[in-house]
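Here is the structure we will look at, set down as structure tokens.
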Amino acid sequence: MADFKEARARMVDRQIAWRGVGDDHVLRAMRSVPREAFVPESMRVFAYDDAPLPIGEGQTISQPYVVALMIEAAALRPGERALEIGTGSGYAAAVMAEITGQVFTIERLGGLADAARRRLTELGYANVEVRIGDGTLGLPEAAPFDVIIAAAAGPEVPAAWKGQLAAGGRIVMPVGSHCSQDLIRLTRREDGGFDKVSLGDVRFVPLLGAQGWRDPR
Ligand code: SAH
């Protein structure tokens, strides 16, 4: 346990703060969430490595730095309403839940969603609501959101998400082809228009669904 705690503190210093993430909310959250609890038993020794890790069903838990970068880019603040697309292990949702009390997360694969829900409950993240479904459609019944973060990459920003974003709200999402993408942030202006900023090259698993890539199932 103590080893994980030390490894976690080192991870935040060397992989995240050192690379320029300075948002105190994000750094504090990343220092709190036990990443080892979100990876398969056999992967625990690698939990604080500077890399994504397999979590089953062909999916991955994102590299810690990428999780920090995306939440910082979204400028998530206490009290805001957040939606994550692509629950996976539930790790990023837990980091977001350390910052705000209202986190919704959607996963298309029922097995991963159920495991994430169980894990989040055991760890005491009662403020995260895990849904199974096609996240490209957003979550109309819980909208509007201040922040929408996608952990999977699509060809373009789903229109549904733009429609469910509050004025001043931010969408952070990897957009591009299957093998290379640009991480972008869209901010909704008061007049309803959107400002776009490019945050750099990334590589994510595909966003599969009605407003993403075609779902083979
Ligand atoms: N945030 C996760 C990383 C998840 S990887 C973590 O911290 O562990 C991306 C996830 O997006 C995968 O689990 C994949 O199944 C899911 N996904 C892909 N398309 C989706 C869609 N349309 N709706 C919901 N989840 C989707």
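Which pairs have Cβ atoms under 8 Å, sit 6 or more apart or on different chains, and link a residue in the range 198-217 that is open to solvent by 40 Å² or more (accessible area, probe 1.4 Å) to one that is among the acidic types (Asp, Glu) and more than 7 Å from the ligand (Cβ to nearest atom)?
Close Cβ pairs satisfying both conditions: Ser198/Asp182; Leu199/Asp182; Asp201/Asp182.
Among Val197, Val172, which is under 30 Å from Pro78 (Cβ atoms), within 14 Å of the ligand (Cβ to nearest atom) and touching a strand residue (DSSP E or B) at 6+ places or on another chain (Cβ under 8 Å)? Steps first, please.
Details: Val197 fails: within 14 Å of the ligand (Cβ to nearest atom).
Going through Val197, Val172 in turn, just one is under 30 Å from Pro78 (Cβ atoms), within 14 Å of the ligand (Cβ to nearest atom) and touching a strand residue (DSSP E or B) at 6+ places or on another chain (Cβ under 8 Å): Val172.
If I filter the range 81-90 for residues that are open to solvent by 50 Å² or more (accessible area, probe 1.4 Å), in contact (Cβ under 8 Å) with a residue 40 or more places away in the chain, more than 12 Å from the ligand (Cβ to nearest atom) and touching an Asp or Glu at 6+ places or on another chain (Cβ under 7 Å), do I get at least one hit?
Our first condition is that a residue be open to solvent by 50 Å² or more (accessible area, probe 1.4 Å); within the range 81-90, this holds for 81.
Then keep just the ones that are in contact (Cβ under 8 Å) with a residue 40 or more places away in the chain; that gives 81.
Next, from what is left, pick out any that are more than 12 Å from the ligand (Cβ to nearest atom): 81.
Next, only the ones that are touching an Asp or Glu at 6+ places or on another chain (Cβ under 7 Å) stay: 81.
Checked the range 81-90: at least one residue is open to solvent by 50 Å² or more (accessible area, probe 1.4 Å), in contact (Cβ under 8 Å) with a residue 40 or more places away in the chain, more than 12 Å from the ligand (Cβ to nearest atom) and touching an Asp or Glu at 6+ places or on another chain (Cβ under 7 Å).
Considering each of Tyr65, Tyr48 in turn, give the residue that is surrounded by fewer than 24 Cβ atoms within 10 Å (Cβ to Cβ), away from the ligand (no atom under 12 Å from the Cβ) and not in a loop (DSSP other than H, G, I, E, B).
On the way: Tyr48 fails: not in a loop (DSSP other than H, G, I, E, B).
None of the other options fit; the residue is Tyr65.
Does Ala153 count as touching a residue at least 24 places away in the same chain (Cβ under 8 Å) and open to solvent by less than 10 Å² (accessible area, probe 1.4 Å)? So that I can check it myself, show each step before the final result.
Details: touching a residue at least 24 places away in the same chain (Cβ under 8 Å): yes; open to solvent by less than 10 Å² (accessible area, probe 1.4 Å): yes.
Here the answer is yes, as Ala153 does meet what is asked.
Among the numbered criteria (1) within 16 Å of Arg8 (Cα to Cα); (2) of a type in the set (Ser, Thr, Tyr); (3) surrounded by fewer than 23 Cβ atoms within 10 Å (Cβ to Cβ), which single criterion is violated by Ser42?
Tallying (1) within 16 Å of Arg8 (Cα to Cα); (2) of a type in the set (Ser, Thr, Tyr); (3) surrounded by fewer than 23 Cβ atoms within 10 Å (Cβ to Cβ), Ser42 fails exactly one: (1).
How many of the residues making up the range 125-150 are touching a Gly at 6+ places or on another chain (Cβ under 6 Å), within 11 Å of the ligand (Cβ to nearest atom) and open to solvent by 20 Å² or more (accessible area, probe 1.4 Å)?
Of the residues in the range 125-150, 2 are touching a Gly at 6+ places or on another chain (Cβ under 6 Å), within 11 Å of the ligand (Cβ to nearest atom) and open to solvent by 20 Å² or more (accessible area, probe 1.4 Å).
The values are calculated or read from the model by the stated rules, or taken from the named source; none is laboratory data. All values derive from a computational prediction rather than experimental measurement. Positions of Cβ are backbone-derived with ideal geometry, glycine not excepted, and every protein chain shown enters the neighbour counts. Side chains included, ligands, DNA and RNA excluded: accessible areas come from the protein's heavy atoms. Shrake-Rupley method; radii C 1.70, N 1.55, O 1.52, S 1.80 Å.
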